[in-house]
Every structure is written in C-alpha cells, then in structure tokens.
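Report on the following structure.
The values are calculated or read from the model by the stated rules, or taken from the named source; none is laboratory data. Predicted model only: the values in this text are computed from it and were never measured. Please note: Cβ atoms are built from the backbone with ideal geometry, for glycine as well, and neighbour counts cover all protein chains shown. When the accessible area is computed, the model is the full protein with side chains, heavy atoms only, and any ligands, DNA or RNA have been set aside. Shrake-Rupley method; radii C 1.70, N 1.55, O 1.52, S 1.80 Å.
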Amino acid sequence: MQEEIKIPRHIAFIMDGNGRWAKKRLLPRKVGHREGVSALRRMVDECEKAGVEMVSFYAFSTENWTRPQEEIDALFKMVKEFADNHLGEYVKRGFRIMFMGDLSKLPRETVESLKKIILSAKDNKGMIVNIALNYGGRDEILHAVNRILSEGIREVDMQTLSDCMYTGGLPDPDVIVRSSGEKRLSNFMLWQAAYAELIFVDDYWPDFDAKIFRKILEEYSKRDRRYGNVRRIG
Ligand code: FPP
C-alpha cells in the first residue's frame, strides 16, 4: 500500500561530498562545487513542486575559512555568479531570499550582488530560500546573546532567544538532510535543530536529484514525530 507522503514545512540541507564527487572523477574540487550549485538548484525546484515553505542550504561555514584560499575564492565567485545569474529568476518566481551568517567577512563584490537580490525580493511572499554563508550555529547563538545584551534585555525566555536567531520568526527545520554518508550536524542550526528529523544520505551532494528527494520525503513520512510526548495510539 502506498504510504501517505508528508511534506515538511522547512527542509534544510547540509551539502557535503562535492570534493569526493570530483576526486572520484579525477576533476578539480571546484568542479564538484560547480555541480553542487546545480544540485542546489534542482533541490529548490523539487521543494517548490512539493510545496515546502522554506528550504535552507549550508553553503559556507565559519570553519571553512581554513580551506585553501584558491578554493575559498572559487566558492565565493560561484556564490556571486549564482546571485547574478539565477537568483533574479527566483525573485520572479516569488521566492523570499535570505542569507544567514556573518556576511561582513565575504568579498565585497559578492556581498553587493547578494544585497541587490535581498532588496529586489523584499516584497515576495513565496517559498523562503535561505542560504547559510559564513554561518556557524554557535556563532549564531553568541550573536543572538550579544544582541539581547545590547538591547538591555535583562530577562530572556525561549521566545526572546529564538527571535534573535537569524531565522527569528520562521519555522524550525522539520528535517535536516546531510549528504555523503557523514552523520554529524557540523555546527549547523544548533538551536533550530532541537526537534528536527535527521536524514543521512550516502550519495554525494552533486548527485542529488528528484529521485533522491522523493526518497527523503518517503523516509521523513515514516518518522513518528512526538516532540517528547508519548506515542500516539490509533
Ligand atoms: C562540502 O563539500 C561543500 C561545501 C563546503 C560547499 C558547498 C557549496 C556549494 C554547493 C556551492 C555554494 C554555492 C552557492 C551558490 C550557494 P566538501 O568540499 O566538504 O566535500 P568533501 O567532504 O567531499 O571534500
């Protein structure tokens, strides 16, 4: 019997395995990242088709600065090209576009392209496409605490802290998917991950396609989300 497919409101992807995908084909790592951008675009299309409200992607972490400068430069060049060549189409499709992380450390020309997009998408009401750049979960929590202190707030509850995260006011991820068989969060959405289902897929990120997306939805649909409550009977 066909199981009912549940659609998560918010799905988040830890895009891993671009380097290994390239290595397996004796190609430079940056080719893996380029294919990774195509996979990201495929997942955006699948999320839109499925009716997901928000999709997040971990594109560059606060720890990724230790990579060779050449790879860092190539990655930010790709982010700029992606903003210049593809995000305009996303704006036309009505998507809300956001970037979470400390953008002040990114190359100036990349930030300028991102700002243009943020501005042109500001009145959109469609699916939220959230891209984490120079993002770390611990860094985000510190950032939120410092914001609270700077506003002179003296008593903090869950809601206050939640509201001060980059994702303040938006739904937490229902499911976090990591590619390439690694089974860690690697400092991604630590606060928001509290009740997320975790799905680990063996395929490398550049191989993500409609078939893998479907399998993710099937796996998510089988999970019994209880939020600390008892199992539902019947
Ligand atoms: C992890 O693979 C991937 C990254 C650190 C970068 C992910 C970035 C992209 C897909 C491009 C981002 C661009 C846009 C437009 C948002 P890895 O390099 O760690 O792979 P490995 O573990 O196999 O070496």
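Taking the alpha carbon gyration tensor of region 50-139, multiplying each eigenvalue by 5 and rooting it gives semi-axes of 23, 15, 11 Å, largest first. Residues whose amide H comes within less than 5 Å of that of Leu198, counting only those at least five positions distant or on another chain, are Ile176 (H built at 1.01 Å from N in the peptide plane).
Excluding Ala193 itself, calculate the net charge of residues whose Cβ lies under 13 Å from the Cβ of Ala193, where each Lys or Arg counts +1 and each Asp or Glu counts -1.
Values: positive: Arg138, Arg178, Arg184; negative: Glu140, Asp172, Asp174, Glu197.
Neighbour charge sum, excluding Ala193 itself: -1.
Put a plus charge on the Cβ of each Lys and Arg, a minus charge on the Cβ of each Asp and Glu, and nothing anywhere else: the dipole of the chain about its Cα centre is then about 360 debye.
Around Ile14, with a cut-off of 12 angstrom between Cβ atoms, what is the net charge of the other residues, counting Lys and Arg +1 and Asp and Glu -1?
Working: positive: Arg178, Lys183, Arg184; negative: Asp16, Glu182.
Around Ile14, the charge tally is +1.
The amide H of Met100, built 1.01 Å from its N in the peptide plane, has Ile131, Ala132, Leu133 as neighbours under 5 Å, considering only residues 5 or more places off or on other chains.
Using θ = phi - 60° and the Karplus relation 6.51 cos²θ - 1.76 cosθ + 1.60, list the HN-Hα couplings for region 6-15 in order, rounded to whole Hz, with x at every Gly or Pro. Ordered by residue, 3J(HN,Hα) equals 9, 9, x, 5, 10, 10, 10, 10, 9, 7 Hz.
For region 1-150, the solvent-accessible area with a 1.4 angstrom probe is 53 square angstrom per residue.
Do the sum for the chain: with -39,500 (n - 2.57) for every DSSP H run of n ≥ 4, divided by all residues, what is the mean residue ellipticity at 222 nm, to the nearest 500 deg cm²/dmol? Please list the in-between numbers first.
On the way: 8 runs with 94 residues, N = 234.
Roughly -12500 deg cm²/dmol at 222 nm, from the helical runs in the chain.
For the chain, carbon and sulfur atoms together expose 51% of the accessible surface, with a 1.4 angstrom probe and every protein chain in place.
Under a 5 Å amide H cut-off, with hydrogens placed 1.01 Å from N, Phe13 pairs with Ser56, Phe57, Tyr58, Val177 among residues at least 5 apart or on other chains.
Please compare each pair in Lys24/Lys125; Lys30/Lys215; Lys24/Lys215; Lys125/Lys222 to a cut-off of 32 Å on the Cα-Cα distance and tell me which ones are over it.
Lys24/Lys125
Local charge for Cys164 was computed over the other residues whose Cβ lies under 12 Å away, with Lys and Arg +1 and Asp and Glu -1, and equals -3.
For region 14-87, trypsin sites (Lys or Arg not before Pro) meeting the loop criterion (DSSP other than H, G, I, E, B) and having at most 15 other Cβ atoms within 10 Å: Arg25.
Where does the Debye-calculated log10 I(q)/I(0) of region 121-200 sit at q = 0.11, 0.19 Å⁻¹, using only Cα point scatterers of equal weight, no solvent? Treating every Cα as an identical point scatterer, log10 I(q)/I(0) equals -0.35, -0.94. With just the Cα atoms defining each centre, how far is region 182-234 from region 125-179? Give it in Å. So the two Cα centres are separated by 20 Å. Cα extents for the chain along the principal axes, largest to smallest and rounded to whole angstrom: 55, 54, 35.
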